[in-house]
Amino acid sequence: MQTTANTILVTGGGSGIGRELAQRLHAQGNTVIVTGRRLEALQATVAGHAHMHALALNVDDPQAITAFVQQVLEQFPKLNVLINNAGIMRYEDLSTCSDLHDAEAQISTNLLGTIRVTNALVDHLKTQVHAAVVTVSSGLAFVPRADAAVYSATKAAVHVYTQCLRQQLAGQVEVIELVPPAVQTELTPGQSEREGYLPLHAFMDEVMALFNQQPTPSEIVVERARLQRLAEREGRFEQVFDRINANAAQQRR
């Protein structure tokens, strides 16, 4: 992936990984557009940065995506990189009947949002030089957290979708998957200060070093994420699953 002189769209750019990724890519000489539901948060991301732009978008709304893509391509016809980062995470109890609002919201944002935004831009991206699509999955796609079952399932689906997208766009658009471990962000309450989670800046240092490799790896997997990404391949799935879920149980106490 070319990492300078791009025009990049980052969904979920108002906080956490999306905000840091947008700002670091901008620092490398890219024009960056950040989107999300809260315009105030997006404006904080771009404040003081020339060639960074904030545009509100709710990726749960198919009609909003269609209108947004028309607008963004009119304003930024050289858009050549899409980073699908928007995501939400909820904890849930699967052992009893409950309201499925949170489950449906995670599927809509994490999975359908990624699919819909990519679908809306794919024909344009195929016409651009150095075009790329980046999806953000999770280490939980490979070894899930039981109390975040739907989140883990959506990220596993994003991984599979990314593999298929990469094969179908081979030679036209580069497709890269970013696989975060547990990172100190605002994804869940208290997570930005949670002990044992990878500090955001340390995570981003590793991520940018991998993005800047030539050729760029098809999967951006920092050292901490390798535990989950390689667990099944290395015959350690049950061990890692038990470890992750024991730690999750400890957090809930």
* Candidate set from region 78-92 (those that are in contact with a strand residue (DSSP E or B) (Cβ under 9 Å, 6 or more places away or on another chain) and farther than 17 Å from V175 by Cβ); member that is surrounded by the fewest Cβ atoms within 10 Å (Cβ to Cβ) -> K78
* Structure fact -> In region 228-253, residues that are closer than 27 Å to M1 by Cβ and touching a helix residue (DSSP H, G or I) at 6+ places or on another chain (Cβ under 6 Å) total 2
* Hey, can you tell me all the residues within region 200-229 that are more than 20 Å from A27 (Cα to Cα), surrounded by 13 or more Cβ atoms within 10 Å (Cβ to Cβ) and without any contact (Cβ under 8 Å) to a residue 24 or more places away in the chain? => R226
* Structure fact -> Within region 228-243, the residues that are assigned to a helix (DSSP H, G or I) and within 17 Å of H159 (Cβ to Cβ) are Q228, R229, F237, V240, F241
* If a residue has to be in contact with a Lys or Arg (Cβ under 8 Å, 6 or more places away or on another chain) and among the charged types (D, E, K, R) to count, how many in region 95-135 make the cut? -> 1
* **Filter pass, A246 being among the small types (G, A, S) and either free of Cβ contacts under 8 Å to residues at least 40 places away in the same chain or within 20 Å of Q23 (Cβ to Cβ) (or both)** => yes
* Evaluate the following for Q23: is it within 17 Å of L79 (Cβ to Cβ) and modelled with pLDDT of 95 or more? => no
* Structure fact -> Checking A202, A225, A170, A248 in turn, the sole residue that is hydrophobic (A, V, I, L, M, F, W, C), out of contact with any Leu (no Cβ under 8 Å at 6 or more places or on another chain) and at pLDDT below 95 turns out to be A248
* Asked: Can you name the residue in region 39-77 that is loosely packed, with under 12 Cβ neighbours inside 10 Å and acidic (D, E) and is also modelled with the lowest pLDDT among such residues?
  -> E40
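The values are calculated or read from the model by the stated rules, or taken from the named source; none is laboratory data. Bear in mind the structure is a predicted one, so any value in this text is a computation, not a measurement. Ideal geometry is used to build each Cβ from the backbone, glycine not excepted, and the neighbour counts take in all protein chains shown.
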